[in-house]
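The values are calculated or read from the model by the stated rules, or taken from the named source; none is laboratory data. No experiment lies behind these values; they were computed from the predicted model shown. Heads up, the Cβs are rebuilt from the backbone with ideal geometry, glycines too, and the neighbour counts pull from every protein chain shown. Areas reflect the complete protein model, heavy atoms only, side chains present, ligands, DNA and RNA absent. Shrake-Rupley method; radii C 1.70, N 1.55, O 1.52, S 1.80 Å.
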Amino acid sequence: MTIETPDTTAAGEIAELWVELARDQRAFGSHLRAEPNRATIREAIVRDIIAGGLLVAREDGVIVGFVMFGPESERFEQDVSRGIVRNIVVRSERRNEGIGAELLAAAERELAAAGFDAVALSTLAANEAARRFYTRAGYEPHRIDFEKSLESDSDKSGRG
């Protein structure tokens, strides 16, 4: 397996992996709609490839995973410069083989080389496997997002 920067011709294949993950993440409470976001994620993938913020894991010419990363877009002055891992995706049938760990480590090396002091990422609270993966990689909770639905039980009809 190799970790490499793809060219933009791989954007469709990478977007397909993201769409599959987005579909799967609905089970953990994600609000992202998979298919309606295909064009948006494909555009983001192309931008990140051009900017040097996307790496793929390839095996026998097939993309088995990818990671998207870059600078934090926070506008407030902080006492630490943070890079963000925005997406890390491994084909479901290839998980637990160390591919995600290699992609994450490669993104961390790239962010360190770019001068960032820290790396941040997020995962869905209900995704215990992802939380274990990031904890094993040395990540600790820094912020916790809270969410509350504003719909009452009788108001859930037209919003799906």
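In a simple Cβ point-charge model (Lys, Arg +1; Asp, Glu -1; nothing else charged), the chain has a dipole of about 320 debye relative to its Cα centre. When the chain is treated as a GNM, springs tying every alpha-carbon pair under 10 Å, which of 102, 128, 77 comes out with the largest mean-square fluctuation? Of the options given, 77 has the highest mean-square fluctuation. The heavy atoms of residue 147 present about 140 square angstrom of accessible area, all protein chains included, probe 1.4 Å. Note that region 125-133 has calculated 3J(HN,Hα) couplings of 4, 7, 8, 5, 5, 5, 4, 5, 4 Hz, one per residue in order, obtained from phi through the Karplus relation 6.51 cos²θ - 1.76 cosθ + 1.60 (θ = phi - 60°); glycine and proline are x. Averaged over its residues, region 1-79 has an accessible area of 58 Å² per residue, based on protein heavy atoms and a 1.4 Å probe. What a 1.4 Å probe finds exposed on region 73-160 is 46% carbon and sulfur by accessible area, rounded to a whole percent. The residues packed around residue 38, meaning those with a beta-carbon under 13 Å from its beta-carbon, carry a net charge of -2 if Lys and Arg are +1 and Asp and Glu are -1.
Quick check: with the 1.4 Å probe, what order do 81, 122 take by accessible area, largest first?
On the way: 81 40, 122 95 Å².
If we order 81, 122 from most to least accessible, we get 122, 81.
For residue 61, the shell of other residues with beta-carbons less than 13 Å away shows a net charge of -3, using +1 for Lys and Arg and -1 for Asp and Glu. Positive-end ranking of 31, 101, 52 along the dipole of the chain, with charges on Cβ about the Cα centre, is headed by 31.
With the simple spin-label model, which puts each label point 7 Å out from Cα in the Cβ direction, the residue 16 to residue 131 separation comes to 3.3 nm. Using 7 Å Cα-to-Cβ label points, what is the residue 94/residue 60 separation (nm, one decimal)? For residue 94 paired with residue 60, the spin-label model returns 1.1 nm.
Over the chain, DSSP H runs of length four or greater, each weighted -39,500 (n - 2.57), average out per residue to a 222 nm ellipticity of -10500 deg cm²/dmol. Of the trypsin sites (Lys or Arg not before Pro) found in region 1-90, those that fall in a DSSP loop while having at most 16 other beta-carbon atoms within 10 Å are 33, 75.
A run of the chain free of exposed loop cleavage sites, with chymotrypsin sites (Phe, Trp or Tyr not before Pro) counted only in DSSP states other than H, G, I, E and B and at most 15 other beta carbons within 10 Å, reaches its longest extent at 1-75. In order along region 76-91, phi translates into HN-Hα couplings of 7, 5, 10, 8, 8, 9, 10, x, 10, 8, 8, 8, 9, 9, 10, 3 Hz, rounded to whole numbers, per the Karplus curve 6.51 cos²θ - 1.76 cosθ + 1.60 with θ = phi - 60° and x for Gly and Pro. A Förster radius of 22 Å, combined with the Cβ-Cβ distance separating residue 142 from residue 51, puts the computed FRET efficiency at roughly 0.35. Database remark: amide H of residue 87 closer than 5 angstrom to the amide H of 68 (H placed geometrically; neighbours at sequence offset of 5 or more, or on other chains; Pro and chain starts carry no H).
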